[in-house]
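The structure under discussion appears below in the form of structure tokens.
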Amino acid sequence: MTYPNSKKGDPRVRQLAAIHVLASKRLRLDRETYELLLQRVAGVSSSADLDARGRAKVLDEMRRLADEGEKQMDNAVSLPDAPQNVRDEVAGMVAKVGAILAELGKGWNYAHGTAKRMFKTDRVEWLRPDQLHRLVAALQISANRQRRK
């Protein structure tokens, strides 16, 4: 994205770009959460309203959150057969599958087996988005049944 009347090396443009990349790629914030973070840290609802000090504060907070998340991931127990190298477009749905599996008390092998039965695909992360939606629905139905018992 280029801004009219801006210089290529403009620090403001570089900082805003870094804020947007951190928010969308590393932290994967939705719009509402992003705006709440801006409001909490700098008292604005749009990064365009940030001054130099506000941009620095927001960048520091986002980097802190990203580093904290990475530390939590380093300490996390690696589950056998957990999906690896998940595409960005389906990462949220794969995370939802993981949450439902935890609720069910089942491992990833259960989800892979369900994907194999439903779609003849060996691994959850190889499913298309529409197939993942159907897998989530099937697992949620199973979780609802288990909850009623």
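Please treat every number below as a calculation from the coordinates, not as lab data. Here the structure is a predicted model, which means the values were calculated and not measured. We place every Cβ from the backbone using ideal geometry, glycine too, and count neighbours over all the protein chains shown.
What is the fewest-to-most order of THR114, THR33 by other Cβ atoms lying within 10 Å of their Cβ?
THR33, THR114
What aspartates and glutamates could a cross-link reach from LYS116, if we take a straight Cα to Cα line under 16 Å and drop same-chain neighbours fewer than 8 places away?
List returned: ASP81, GLU125, ASP130.
Relative contact order (percent) for the chain, with alpha-carbon contacts under 8 angstrom and 6 or more residues of separation?
With pairs under 8 Å counted, the relative contact order is 17 percent.
Taking other Cβ within 10 Å of each residue's Cβ, how do ARG134, ARG87 sort, fewest first?
ARG87, ARG134
Count the net charge of all other residues whose Cβ sits under 14 Å from the Cβ of MET118, scoring Lys and Arg as +1 and Asp and Glu as -1.
+4
Straight-line reach from LYS57: which aspartates and glutamates fall under 14 Å, measuring Cα to Cα and dropping same-chain residues less than 8 apart?
Counting by Cα, and skipping residues close in sequence, LYS57 has these aspartates and glutamates nearby: ASP49.
As a footprinting exposure proxy, order GLU32, GLU125, GLU61 by other Cβ within 10 Å, with the fewest listed first.
GLU32, GLU61, GLU125
Under a point-charge model restricted to the Cβ atoms of Lys and Arg (+1) and Asp and Glu (-1), what is the dipole moment magnitude of the stretch 11-75 relative to its Cα centre, in debye to the nearest 20?
The dipole of the stretch 11-75 has a size of about 240 debye.
Across the stretch 11-75, how large is the tail of the calculated P(r) beyond 13 Å, expressed as a percent of all Cα pairs?
Here the long-distance tail beyond 13 Å is 60 percent of all Cα pairs in the stretch 11-75.
Apply the Karplus parameterisation 6.51 cos²θ - 1.76 cosθ + 1.60, with θ equal to phi minus 60°, to every residue of the stretch 15-30 and state each ³J(HN,Hα) to the nearest whole Hz, in sequence, with x for glycine and proline.
Karplus values, whole Hz, x for Gly and Pro: 5, 5, 4, 5, 4, 5, 5, 4, 5, 8, 8, 7, 8, 6, 7, 7.
Using Cα positions and a limit of under 16 Å, work out the aspartates and glutamates in reach of LYS149, with same-chain residues fewer than 8 apart set aside.
Those aspartates and glutamates meeting the cut-off are GLU103.
Considering every pair of different Cα atoms, what Kirkwood radius, in Å, is found for the chain?
One decimal place: 18.1 Å for the Kirkwood radius.
Quick one: what Rg and Dmax do you get for the stretch 88-148 from the alpha carbons, in Å?
10.6, 34
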